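The block underneath contains the structure these notes are about, expressed in structure tokens.
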């Protein structure tokens, strides 16, 4: 069965307006001015709701993708980049306080117990009655992965 992917990205030329929730139309870009990245970063950081402003900016940028796979690839790269930076910030904070749990200026570190793991194959093989009683399997899910061509 062959299925054609949508040609237009789902967020084509629209992004949520700041407070009203109405969609704002994005005009095509004819000429791009040099961008003061530090100015943009400062404006976002100093706004009343930097997360909403950054999300709005990202949606506007992704709306210019030519196809849905390109848009998804761009949003995935940004998400992965943010997750990587968050790991670095987390590491720096932990290092700065010697990895000691407690409340600090602007953040808190909480100790949690280690994760638990179960060898499901062994449990099912050696204790099938227990496996049947205690293990439930969720519904299958689908994962979308973007090819390099979508970049």
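The values are calculated or read from the model by the stated rules, or taken from the named source; none is laboratory data. This structure is a prediction, so every number in the text was calculated from the model and none was measured. FYI the Cβ positions are ideal-geometry reconstructions off the backbone, even for glycines, and counts take in every protein chain you see.
Among (1) out of contact with any helix residue (DSSP H, G or I) (no Cβ under 8 Å at 6 or more places or on another chain); (2) in contact (Cβ under 8 Å) with a residue 24 or more places away in the chain, where does residue 71 come up short?
Residue 71 satisfies all of (1) out of contact with any helix residue (DSSP H, G or I) (no Cβ under 8 Å at 6 or more places or on another chain); (2) in contact (Cβ under 8 Å) with a residue 24 or more places away in the chain except (1).
Test residue 18 against the stated conditions and say whether it is modelled with pLDDT under 55 and within 22 Å of residue 79 (Cα to Cα).
Spelling it out, residue 18 is indeed modelled with pLDDT under 55 and within 22 Å of residue 79 (Cα to Cα).
I'm trying to understand the selection: among the residues of segment 121-151, which are within 18 Å of residue 80 (Cβ to Cβ) and in contact with a helix residue (DSSP H, G or I) (Cβ under 6 Å, 6 or more places away or on another chain)?
Those that are within 18 Å of residue 80 (Cβ to Cβ) and in contact with a helix residue (DSSP H, G or I) (Cβ under 6 Å, 6 or more places away or on another chain): 146, 150, 151.
Which of (1) at pLDDT 90 or above; (2) under 30 Å from residue 147 (Cβ atoms) is the odd one out, the single condition residue 110 does not satisfy?
Single failed check for residue 110: (2).
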